[in-house]
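Step one of this worksheet: look at the structure below.
The numbers here are math on the coordinates, done by the rules we state, and not lab data. Source: prediction; values computed, not measured. Backbone-built Cβ (ideal geometry, glycine too); neighbour counts: all protein chains shown.
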Amino acid sequence: MVQTRGPLRAGRYLRWVIPTFGLALLPWSAELDALAPPFRARLETVLAALRADGWDPVVTSTWRSDEVQGVLHQLPATTRATAGRSCHNGSIDGQPAARAADVWQGGLALGVVAGVPSALEAQVPFLRALGAEARRAGLRWGGDWHGRDSVWDTWQLGWDPAHVELGPCGG
Ligand SMILES: [Zn+2]
């Protein structure tokens, strides 16, 4: 992977944030080139293993600016990490370099965002497979994070089962 140098090239990562966030144009990304190389290598191993098993893993979020992290932190049931403290934040030499990604089977369905039980249940087998592959690749998995109420409690999937990361983060 070619690492570019220079000021934070956030402009190419600008995208419309989901309307519930206030429909703002903020820098965040779902691209793998916004990942730190050590994490990206492990994630690609996970994605390949899932595809080999017939899944269609879609990375819906990689890097977020501190600004977006701050917005998310204000929302209920999203993230506990304040601006700059998430594995989705961070940069290397001005280049976005996240150490986390969110991965869903077939993409992030609106029904999942809305918490529709049937839509959640449809993701469960995939999320369990994601967790197994993440562990195998030496990544932390948000499905192992318990201790707060979650729409995933019915399936014992913690509170962020689409999230995988490679610490340390938020230094
Ligand atoms: Zn995440």
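Using 0.36 nm per residue of separation minus the Cα-Cα distance, give me the extension gain between Asp153 and Asp53 in nm, one decimal.
On the way: separation 100, 0.36 × 100 = 36.00 nm, distance 2.56 nm.
Here the segment from Asp153 to Asp53 would lengthen by 33.4 nm.
What ranking of Thr45, Thr60 emerges when the number of other C-beta atoms within 10 Å of each C-beta is taken as an exposure proxy, fewest first? All intermediate terms of the calculation are to be shown ahead of the outcome.
Numbers: Thr45 16, Thr60 13.
Going from sparsest to densest Cβ surroundings: Thr60, Thr45.
To the nearest 0.05, how large is the calculated FRET efficiency for Glu67 and Val113 if R₀ is 22 Å and r is the Cβ-Cβ distance? Before the final figure, lay out the partial values.
Values: r = 21 Å, r/R0 = 0.94.
The computed FRET efficiency comes out at 0.60.
Sort the stretch 41-154 into rounded, prolate or oblate with this rule: let a ≥ b ≥ c be the square roots of the eigenvalues of the Cα gyration tensor; rounded if a/c is under 1.5, and if a/c is not under 1.5, prolate when a/b is larger than b/c, oblate otherwise.
Working: a/c = 1.78, a/b = 1.15, b/c = 1.54.
In terms of gyration-tensor shape, oblate.
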